[in-house]
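To start, the structure under review is shown below, and the notes come after it.
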Amino acid sequence: MAIPRETVEQILQTARIEEVVGEFVTLKKSGARYLGLCPFHNEKTPSFTVSPTHNIYKCFGCGKVGDPAKFLMEYEHYTFPEALRYLAKKYNITIEEEQPTPEELMQRDLREKMFNINEFADKYFVDTLWNTEEGRTIGLEYFRERGYLNPIIEKFHLGYNPDSAHWDAFTEHAKKNGYSEELLEQIGLSIKGSKGLYDRYHGRVMFPIHSLTGRVIGFGGRILVNDKKSPKYQNSPESEIYDKKQTLYGIYFAKNAIAKQDECILVEGYFDVLRMHQIGIENVVASSGTSLTMEQIRLVKRYTKNITMLYDGDAAGIHAALRGTDMILSEGMNVRVVVLPPEHDPDTFAKEFSVEYVSNYLKENAKDFIRFKTELLLKDAENDPIKRGQVIRDIVETISVIPDSIFRITYVKECSRLLDMPEQTLTNELNKILRAKLKKTLGIDDNVVPETDTTTVSPKQEETVEDQLPAGYYQERELVKLLLMYGKEMITDERLDENGEKVYEQVSVAQLIVDDLKMDDFLFTNVVNRKIFDIFDQAIDAGYIPDDQVFVSHEDETIAQLAADLLSTPYKLDQWEKYGIFVKREEDVLRAMVLSSLYRYKDLIIEERRKAVEEELKAATDPADQFILLKQKMGLDALRKQINKELGIVIAK
């Protein structure tokens, strides 16, 4: 059942970040905050801070940031509902879950029926493998001939589906036990033919596919005879409970080892996973023959940021290592590649050598993906200058997807050495690609301008990626920070009444910023900034000001991430003298900050508009157009002059 929104808010508002984190991390008080060693990466000097004021944590070393629920999701690998239930239990909050609608009940009932029939099938296939003559002599013998021992066969619930005369042994067994033909066909265990239903996996050894929690969501079946008309492997079709894009074979058995070793080894097939587990290397999963997907990458990312791709040594295996890696890099993960000797795949390699030899081979032959790709493509290009140029472009394209600018710098330096090419040339090409991406992204509501793409890889560049950001980008962030940190604070606002007399009134910081920008039609262009602005705008219309917890615990992760980042680097109200602002009272400081930020933002936007009008004026030939544009320019000049005047007098009275 779903947890009511009111209960979710109560849990998130009640949970104290220092108490939740304190259960897992040793914290020491430092002023208004707490410090500790980050639990997400190895460090000797504490860079992990916990802020009770904003109820968030942030590591300034690895960048992890969030609220109490996010901490549990990161540290304990909980889902969001699991984290909420943990917090509810800790703070004695009763969860009265909402009753589902009839449609939701039907959907849930169908899902549960699918889980049940898969569990039933799993037990049937296992029982057939071990307890029938056909299962033992064909299925079990096949596994043993390949060198698999009983413990690994039992651990992964390997089974066998009989090859009966009508190919319907399992289907008939399931029907006798009350399962409908419709459900058997829906889940994909049976297929409808001209003579009725028959087993999808007849005469195959079976590999159940488990979810993260260990439930059977699908199957893979391998044929044991040479039949060119039948595929070697037959997998479950997608259903309400099985989506191959979001599934990795072996993840249920590997997740703890992946988290403990902070590394995931990615292989291609079922047998590769089984063999590695059999020799004691358990942090291994397989994409099971499908192209790597973003959903699978994010599934791994729940447990580690480090992926080692282990592939066959033949040409197909080597080039398979190139597929999907840009997606891994774009998620901020680290990718290494190990290519086995040409005569081996992971299954045969781990069968032939000891666990010590295999482990050492992985360590000694793992190459950073950028180095691997560079060396591989250069070898293919040989001395062809056209191919070499394409290789360089390809490598730089890959570097461009890496979100961390420091890593981009590192890879540019490394590629400069490997390619025997000036670093600045690669830097220029990289910035060109990054600028093109930003131009495509900016102004499109479906996309978010990545924070990491705003930093060029070289300070020597005359025109950097930062130059391509829209006017006022950083000023927008300053205003968003003020909204988040001081939105509810009251300050004195000056305005002219209908008689032209000055009137003073108390308004909230949020209302002053929102009303001022809306009045002059200065709306944020960055998508995330605009989302936060709109939340404040709608809340003010409803008669209240949202607090920071609304944003750091927001279901939209882009909002939660930005809010946590901005709140973890607060203003200090005693440093505004460096901007020429001299004040005596805290309210004066806050008012000065708000007005200064508003004016500076407007000044930049107006200047951009003024330049655009100037360009149009230069190109205009029609006198009427020239007159209109000149009038617009004069108006913008006057407005900018007024704003500059205001910027000069933002001082305490």
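Just so it is clear, none of the values below were taken in a lab; they were calculated from the coordinates. Bear in mind the structure is a predicted one, so any value in this text is a computation, not a measurement. Glycine gets a Cβ as well: all are built from the backbone with ideal geometry, and neighbour counts include every protein chain shown.
The figures follow:
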quantity	calculated
Rounded to whole Å, sorted largest first: equivalent-ellipsoid semi-axes of region 1-77, Cα gyration tensor	24, 14, 9
In nm, spacing of pseudo-spin labels at Met490 and Glu103 (7 Å Cα→C-beta vector)	4.6 nm
Lysines whose Cα lies under 28 Å from that of Lys195, excluding same-chain neighbours fewer than 8 positions away	Lys113, Lys123, Lys175, Lys176, Lys228, Lys229, Lys232
Of Lys58/Lys481; Lys260/Lys301; Lys481/Lys641; Lys481/Lys531; Lys89/Lys255; Lys70/Lys488, pairs whose Cα-Cα distance is over 19 Å	Lys481/Lys641; Lys89/Lys255; Lys70/Lys488
Most positive-pole-ward Cα, Tyr124, Tyr91, Val20, against dipole of region 17-130 from beta carbon charges	Val20
Eligible lysines near Lys432 by straight Cα distance, threshold 22 Å, same-chain separation 8 or greater	Lys373, Lys387, Lys413, Lys440, Lys460
Residues Cys62, Cys415 arranged by fewest to most Cβ contacts within 10 Å	Cys62, Cys415
Residues Leu629, Leu604 arranged by fewest to most Cβ contacts within 10 Å	Leu604, Leu629
Ile395, Ile93 arranged by Cβ crowding within 10 Å, fewest neighbours leading	Ile93, Ile395
